[in-house]
């Protein structure tokens, strides 16, 4: 008696597809730019000039003059900002549009004393 086993259909190899998906995942993780969250919402003043700032260090200032940097607010934020200061790198300031100009001018004086000589003030375009 001759008993034949039914032949199994050959399965498709999914290893190449898994490799491609894995490589795409690595590519997107390596090229993604993850930005830290802003410490508080800031409404920017408007401007007609259309230049993009070059700096990556951003100091946030709310309408009351409270500074924020990398999740910290107040004096600890300023201390961390001064500690992480890069030589000759501009500092980007995102100040609320309702911030008084006198408070901003005083803050700019404090930043100059701390060693920040290049400052870029962000405005809405």
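The values are calculated or read from the model by the stated rules, or taken from the named source; none is laboratory data. Predicted model only: the values in this text are computed from it and were never measured. Here Cβ is always computed from backbone atoms with ideal geometry, including for glycine, and neighbour counts include all displayed protein chains.
Report yes if some residue within segment 29-42 is under 15 Å from residue 123 (Cα atoms) and modelled with pLDDT of 85 or more; otherwise report no. Scanning segment 29-42, I find no residue that is under 15 Å from residue 123 (Cα atoms) and modelled with pLDDT of 85 or more, so the answer is no.
If you go through segment 43-66 and keep only what is within 16 Å of residue 101 (Cβ to Cβ), modelled with pLDDT of 85 or more and surrounded by 12 or more Cβ atoms within 10 Å (Cβ to Cβ), you end up with 61, 62, 63, 65.
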